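Written below as structure tokens is the structure these notes are about.
The values are calculated or read from the model by the stated rules, or taken from the named source; none is laboratory data. Note that the structure is predicted; figures quoted are calculated from it, not measured. Every residue, glycine as well, gets a Cβ built from its backbone with ideal geometry; the counts of neighbours run over all protein chains shown.
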Amino acid sequence: MSKENKKATCDVCGMIINIDNSGNGECNNCGWRQSEESFQHPFVAGIRNIPCLSNAIKQFKRGKSALLANFDDFVNAYKNYGEVEFTLNQTRYGVMFADKEKKIALQNIQNGETQFYNNIDDFIQNAKLNGFLLSDIWENVTNTDFLQET
């Protein structure tokens, strides 16, 4: 049986996409990774995409990437998945749990520089890049995703 054997409408942009029997597929127009679980839980970030479905739709309607998460969705995707990344000023950063330190690590993937935070609340309130709170400069982030190989 073919993996992609049905047609459906992308939940974000409305284009016709191929889906498998589980309702999973990927939109060639907006990049959204469609899933029945995302549809059933439109306010939960980190299911198959970093942003939640409701925010992906808002992003797309504003002419931005449906895959670009706002700061809250990014944090929630970390909570749900555990390893996420973003790009800021053409530099990739990873956010992950550092087992040895038992802390959350914010790592510059290009040079390996790492900052540690005691917990997610500490990260939200204190994570800084170039002297600016990450939450304050989030609008300059150009990519969000699950952590790829570093």
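Observations, loosely collected:
- Where Ser38 falls short, out of the listed (1) outside the structural domain of Ile16 (by TED's automatic domain parsing); (2) surrounded by 14 or more Cβ atoms within 10 Å (Cβ to Cβ); (3) under 25 Å from Gly14 (Cβ atoms): (1)
- Residues satisfying the stated conditions in the stretch 78-95, i.e. touching a residue at least 40 places away in the same chain (Cβ under 8 Å) and in a helix (DSSP H, G or I): Tyr78, Lys79, Tyr81
- The stretch 30-57: number of residues that are assigned to a loop (DSSP other than H, G, I, E, B) and either hydroxyl-bearing (Ser, Thr, Tyr) or touching a strand residue (DSSP E or B) at 6+ places or on another chain (Cβ under 8 Å) (or both): 7
- Residue within the stretch 42-62 that is on the phi > 0 side of the Ramachandran plot and over 11 Å from the mean Cα position of the chain (by Cα) present: no
- Among (1) closer than 28 Å to Thr114 by Cα; (2) surrounded by 21 or more Cβ atoms within 10 Å (Cβ to Cβ), the one test that Ala66 misses: (1)
- Hey, Arg33 of a type outside the set (Phe, Trp, Tyr), under 30 Å from Ile104 (Cα atoms), outside the structural domain of Asp121 (by TED's automatic domain parsing) and touching a Ser or Thr at 6+ places or on another chain (Cβ under 8 Å) or not: no
- Here Gln90 passes the criteria (1) at pLDDT 95 or above; (2) at negative phi except the one numbered (2).
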